[in-house]
Amino acid sequence: MNKTLLNFLHVSKSYKSGETYLSILEDISFEIREGESVAITGKSGSGKSTLLNLAGGLDSSTSGSIFFRDEKLHTMNDMQLSSYRNAHIGFVFQSHILLEDFNALENVMIPALIRGESKNKVVKRATALLERVSMTDRLYHKSSKLSGGERQRVAICRALINNPEIIIADEPTGSLDEESSAAIETLLLNIVKEENRTLLLVTHDKHFATRCSTVYLLQHRSIGKM
Ligand SMILES: Nc1ncnc2c1ncn2[C@@H]1O[C@H](COP(=O)(O)OP(=O)(O)OP(=O)(O)O)[C@@H](O)[C@H]1O
Ligand SMILES: [Mg+2]
């Protein structure tokens with residue numbers, strides 16, 4: 001059996017709302033193994049994005065422990081979380097946030113340039129990634145001129161440029177039509193399989209969820225396998 005990559009142990013998360021605390025996740029325990037594709041489903045407001053943000057080090061838990069291999073996310077400060085994200089995580093969000101004034105290639109390159117890699121190397125890798133998603137003839141398109149599905153493909157390449165061990169995707173096909181959604185789903189699942197990556201994703205799409213190796217339902221602040 002593959003090694004555990006991410007391990008949630010009795011994790012709770014609440015947000016302050018006025019004078020009281022609003023409990024979102026309570027005593028959540030589950031693990032994600034290397035090479036797994038994990039889909040999280042659940043109603044709007046059930047805490048799916050909150051869970052992804054904890055896994056990706058964008059937010060901290062209120063109690064409990066979260067391990068990435070032997071790294072303790074629950075004891076990290078903001079700077080340590082930021083380097084954790086940079087080293088291990090590739091994020092894909094629903095609204096494919098790209099830098100509008102930059103072209104597709106530049107958008108994909110930016111996270112690697114921020115890490116201080118040489119431009120020549122990064123150009124090669126970004127070009128190869130964009131080729132993989134059939135965007136070779138759109139490399140120099142400003143991102144504002146790309147279609148929704150094309151923007152999402154660029155966002156996926158950007159998430160992959162630093163070779164993250166885990167791809168965390170929050171409804172990556174939420175804003176796309178059926179055909180583009182299917183293409184993005186296939187792309188993500190193929191990348192996970194062929195490059196032995198791990199995927200943690202939130203989706204409302206039942207068909208997409210069933211193509212993943214494990215499906216969880218988040219409800220009543222708890223998580224359960226489906
Ligand atoms: N920063 C925050 N401060 C206060 N409350 C928050 C914060 N972030 C989320 N919440 C609350 O936590 C609950 C869960 O939010 P979350 O975004 O995780 O839900 P979700 O399952 O992703 O929903 P959706 O399917 O609509 O995206 C919501 O009720 C939301 O109002
Ligand atoms: Mg959400």
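Observations, loosely collected:
- Extending 7 Å from Cα along the Cβ direction at residue 80 and again at residue 182 yields two label points whose distance is 4.7 nm.
- For segment 99-187, the set of trypsin sites (Lys or Arg not before Pro) satisfying both a DSSP loop assignment and a count of at most 12 other C-beta atoms within 10 Å is given as 115.
- Between 0 and 90 degrees, the angle of helix 119-132 with respect to the longest Cα principal axis of the chain falls at about 80 degrees.
- DSSP-assigned coil residues among GluC sites (Glu not before Pro) in segment 147-226, each with at most 15 further Cβ atoms within 10 Å: 195
- Cα-based radius of gyration of the chain once divided by 2.2 N^0.38 Å, which approximates compact folds: 1.01
- Note on residue 222 and residue 195: with the Förster distance fixed at 35 Å, the Cβ-Cβ geometry gives a FRET efficiency of about 0.60.
- Extension reserve of the residue 15-residue 128 stretch, reckoned as 0.36 nm per residue once the Cα distance is removed: 36.5 nm
- Relative to the longest principal axis of the Cα atoms of the chain, the long axis of helix 178-194 lies at roughly 80 degrees.
- About the centre of its Cα atoms, segment 102-226 shows a dipole size close to 400 debye [charges on the beta carbon of Lys, Arg (+1) and Asp, Glu (-1) only; nearest 20 debye].
- Across segment 73-103, the residues whose backbone nitrogen lies under 16 Å from the label position 7 Å along the beta-carbon direction of residue 142 are 98-103.
- Cα centre as origin, Lys/Arg/Asp/Glu Cβ charges: the chain dipole, Debye: 320 debye
- Between 0 and 90 degrees, the angle of helix 148-160 with respect to the longest Cα principal axis of the chain falls at about 70 degrees.
Any read-out appearing in this document is the output of simple, stated calculations on the displayed coordinates, not a laboratory observation. Everything numeric here is computed off the predicted structure, so don't read it as measured data. As a convention, Cβ positions derive from the backbone with ideal geometry for all residues, glycine included, and neighbour counts pool all protein chains shown.
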